[in-house]
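Presented below is the structure to which this report refers.
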Amino acid sequence: MDFDYNRANKWSILEYSKRLLGKTLEQAIAPDIISARKGKGRLGQLVEEYFFGYNVNSNPDADFTEAGVELKVTPLKELKNKALAIKERLVCTMIDYDADQNKPFEQSHVYLKCAYMLILFYLHEADVPIQQLLFIYSVLWQIPEKDLLIMKQDYEKIIDKIRAGKAHELSEGDTTYLGACRKGQKGDTDVYYKLPDGTRAKTPAPKRAFSLKPQYMRTILAFAERTGGQGTYNFSALVQGYGPQLIEEKELRKKSFEEILLDRFKPFYGKTYDELVKELRAPITGAKSKYFLIANEILTERETRGVNVTKSDEFVKSGIVIKTIRLEKNGRPAEAMSFENINYFDILQENDWYESRLYEIFTGRFLFIVFQKGDDGQVRLQKAFFWTMPVNDLEEAAEYWMNIKNAVKDNHIAPEYFYRESDHRKFHVRPKAKNATDVTANPHGGAAKKYCYWFNHDYIKAIVENADK
């Protein structure tokens, strides 16, 4: 290989990387010089050594140190409709439970490695040798300053939990953009790390890594597709935002992302639905989504008023899920909480709970907005809070996922094979379709009814009650 690029110039590195696009690594270089690698990141190692010509190392600085650019190689998957999608979160660097406790964000490995990245997207194909996988996009991505402010808050949340001896309770749902994902193979020894007072944590923690969440990576992919065009792989850009902005940088320098949003609700606590409609000048509607629409009006201020909050820059990148909860006078939820329909084809392909779609959903960050009916029959805004599913509940969710997976595998796509709400667990499965004729494809042939993931009434009630503790 002629390593014809300037390691100190980010644009030179980007232009050189385009030689890979539309090719496999085997096509880009002489195939007989590629040696095998083991481990999940082995394709990235091959690209580093054979395409860019530098030795794989554990240097805490960025790969292209002179240019301040980190190289990341990450997979895409092709959906049934031929669209490309993010396959997984982007791992930045391992969390060192001992050393990272004393590092401010700006001196952390994750900041040094990921503030500026060259991201190479390739198409994942099962059972295809890694040197024969096709490279699709090359993106030079500088994390915008505003995103870095949110990631700094995420980093500090993670570090605070470690310093408190609660690293075993870390969840990707704790944070907004930067996650603490599980890392390593099953059976890896959990870590007994040191606490600030010099003692060891009482409960060991599984290995974890700092990562950019799948939702954040989807915004990078969306930018790549929008900029590159259909079938065009050569493009370059630095990205400075995506969609309407809910929050300004100056706000984030004073308060956390979550504090800013929750503060927007507080002036409206105790007000009836009719009072909220009048004060916010919101449209009157009898639609089932009317409580979400009111919450949307509260969250979107100033020039963003009327924008769908789920389309905002911050919510698109974070994947935060907004759910409104309506309580009866006695505090019982008026209805169970539904999520997306089960994709029967996808769940059969999922062999690891931690890589499953349901794990991604349940480890997300939730913003719950609670309305409750009073003695006068009026429905009032009671409170809003952020929530992450506790680790113990995720263990039960893993069993729930396995029950669904086994039922689909055995072609038992029917209520009697799934968790039911009458079983008094936290989760259940039941239909969510427009009508009896609204069906979907069955992996075993023919059609099957659409079933959906649900939270039980009692579980929702407990979540709301525990929010005040």
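Per the listing 366, 371, the residue uniquely among the aromatic types (Phe, Trp, Tyr) and within 29 Å of residue 181 (Cα to Cα) is 366. In this structure, residue 79 does satisfy being open to solvent by 10 Å² or more (accessible area, probe 1.4 Å), closer than 30 Å to residue 442 by Cβ and among the aliphatic types (A, V, I, L, M). In segment 82-103, which residues are of a type outside the set (A, V, I, L, M, F, W, C), open to solvent by 20 Å² or more (accessible area, probe 1.4 Å) and out of contact with any Pro (no Cβ under 9 Å at 6 or more places or on another chain)? If the condition is that a residue be of a type outside the set (A, V, I, L, M, F, W, C), open to solvent by 20 Å² or more (accessible area, probe 1.4 Å) and out of contact with any Pro (no Cβ under 9 Å at 6 or more places or on another chain), then 82, 96, 98, 103 are the ones that fit.
Looking only at residues that are in contact with a strand residue (DSSP E or B) (Cβ under 6 Å, 6 or more places away or on another chain) and of a type in the set (A, V, I, L, M, F, W, C) in segment 105-126, which one is surrounded by the fewest Cβ atoms within 10 Å (Cβ to Cβ)? Ranking the qualifying residues of segment 105-126, first place goes to 123.
Could you pull out the residue among 366, 362, 339 that is in contact with a Lys or Arg (Cβ under 7 Å, 6 or more places away or on another chain), open to solvent by less than 70 Å² (accessible area, probe 1.4 Å) and within 23 Å of residue 452 (Cβ to Cβ)?
So the residue among 366, 362, 339 that is in contact with a Lys or Arg (Cβ under 7 Å, 6 or more places away or on another chain), open to solvent by less than 70 Å² (accessible area, probe 1.4 Å) and within 23 Å of residue 452 (Cβ to Cβ) is 366.
If you go through segment 53-104 and keep only what is under 22 Å from residue 173 (Cα atoms), in contact with a strand residue (DSSP E or B) (Cβ under 8 Å, 6 or more places away or on another chain) and free of Cβ contacts under 8 Å to residues at least 40 places away in the same chain, you end up with just 87.
Quick one: count up the residues across segment 227-265 that are more than 25 Å from residue 116 (Cβ to Cβ), in a loop (DSSP other than H, G, I, E, B) and modelled with pLDDT of 95 or more. Matching residues across segment 227-265 total 2.
With respect to residue 407, determine if the residue is crowded, with 16+ Cβ neighbours inside 10 Å and within 17 Å of residue 356 (Cβ to Cβ). Before you say what the answer is, go through the steps one by one.
Values: crowded, with 16+ Cβ neighbours inside 10 Å: yes; within 17 Å of residue 356 (Cβ to Cβ): yes.
So residue 407 fits the description; yes.
The values are calculated or read from the model by the stated rules, or taken from the named source; none is laboratory data. Computed from a predicted model, the values in this text were never measured in an experiment. Every residue, glycine as well, gets a Cβ built from its backbone with ideal geometry; the counts of neighbours run over all protein chains shown. For the accessible areas, the whole protein counts, side chains as well, though only heavy atoms, and no ligand, DNA or RNA atoms are used. Shrake-Rupley method; radii C 1.70, N 1.55, O 1.52, S 1.80 Å.
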